[in-house]
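Below: the structure, in structure tokens.
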Amino acid sequence: MDLYRPSGVTQSITTSSSSAATSSAIAASTYAVLITASADAYIAFGSAPTATATNGVMLAADWPTYFRISPGEKVAALQVSGAGTVYVSELTR
């Protein structure tokens, strides 16, 4: 079982009807993130990600979820029905 702890870096994405990504790429020492949202959102990962209803993972509001991620990637988010905020917290070992 992998155990992680917060690295002290959290980025936020304000969701809307257009996909938006984190402003900074995930740090070189980060291989997992904890993502939570204030409203349902679709999220996607990649070097220049675009979240859509067809390629995104649906993240339910107020349901913190852990994801593995590669260093240098970003997270994108798109609202499901209403605007909100997605919080991406980097985790380290």
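Filtering the stretch 17-36 for residues that are more than 18 Å from Arg93 (Cβ to Cβ), touching a residue at least 12 places away in the same chain (Cβ under 8 Å) and aromatic (Phe, Trp, Tyr) leaves an empty set.
Reported count of residues in the stretch 67-81, each being open to solvent by 30 Å² or more (accessible area, probe 1.4 Å) and in contact (Cβ under 8 Å) with a residue 40 or more places away in the chain, is 8.
Within the option set Ala44, Ala53, being open to solvent by less than 70 Å² (accessible area, probe 1.4 Å), modelled with pLDDT of 95 or more and either on the phi > 0 side of the Ramachandran plot or in a loop (DSSP other than H, G, I, E, B) (or both) holds for one residue only, Ala53.
The values are calculated or read from the model by the stated rules, or taken from the named source; none is laboratory data. Bear in mind the structure is a predicted one, so any value in this text is a computation, not a measurement. Neighbour counts are summed over all protein chains in view; Cβ atoms, including those assigned to glycine, are modelled from backbone coordinates with ideal geometry. All accessible areas refer to the heavy atoms of the entire protein, side chains included, with ligands and DNA or RNA removed. Shrake-Rupley method; radii C 1.70, N 1.55, O 1.52, S 1.80 Å.
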